[in-house]
Amino acid sequence: MAAEAEELVGRYEAFVALTRQLLAAARASEWDRLVSLGHDRDHVLSIIKQLDATTRLDSMANARKAKLIEEHIALDAETCKLVESWMADLKSAMHSNLQEQRLLKQYGAD
């Protein structure tokens, strides 16, 4: 495999590794870490896009790339489910807090 192809596949591997870390952060409810990792992953993706446009892969490297993309999609879907659940919980908590504030305003505090 040519050096450019090795670099591209290596970047895909780094991209998937970051996606695994994002999932771990979501599972642990480490939302600040998740955001930071998301920025790191976006940076790797920008490099991938540049390399992908100019790098030819042989069939083995192309198969590895496809497998990594499939793994990313599965991990990302699970991460999205966790984030969506957290967002729903946050929205509910904020709504509850808003209701409490309205009641306190209308009826006063004890």
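Where Lys and Arg each count +1 and Asp and Glu each count -1, what net charge lies around LEU37 among other residues with Cβ under 11 Å from its Cβ?
Within the 11 Å Cβ shell, the charges total -1.
Compute the angle between helix 59-107 and the longest alpha-carbon principal axis of the chain, please, reported from 0 to 90 degrees and rounded to the nearest 10.
Taking Cα atoms only, the helix is inclined about 10 degrees.
Would you mind working out the magnitude of the charge dipole of the chain relative to its Cα centre, with +1 at each Lys and Arg C-beta and -1 at each Asp and Glu C-beta, to the nearest 20 Debye?
200 debye
Using a Förster distance of 35 angstrom, determine the FRET efficiency expected from the C-beta separation of ARG20 and GLN99, and round it to 0.05.
The computed FRET efficiency comes out at 0.35.
How many nm separate the modelled label positions at ILE73 and GLU30, each set 7 Å beyond the Cα in the direction of the Cβ?
Distance between label points: 2.8 nm.
In nanometres, what is the gap between the two model label sites at ASN62 and HIS39, each 7 Å from Cα along Cα-to-Cβ?
With each label placed 7 Å out from Cα toward Cβ, I get 3.7 nm.
Restricting to Cα pairs below 8 Å that are 6+ residues apart, what does the relative contact order work out to for the chain? Please round to a whole percent.
Here the relative contact order equals 38 percent.
Give the angle, between 0 and 90 degrees and rounded to the nearest 10, that separates the Cα long axis of helix 31-54 from the longest principal axis of the Cα atoms of the chain.
30 degrees
Each reported figure results from applying straightforward, stated rules to the coordinates on display, with no laboratory input. Note that this is a predicted model, so its numbers are computed, not measured. Using ideal geometry, Cβ is built from the backbone for each residue, glycine included, and neighbour counts are taken over all protein chains shown.
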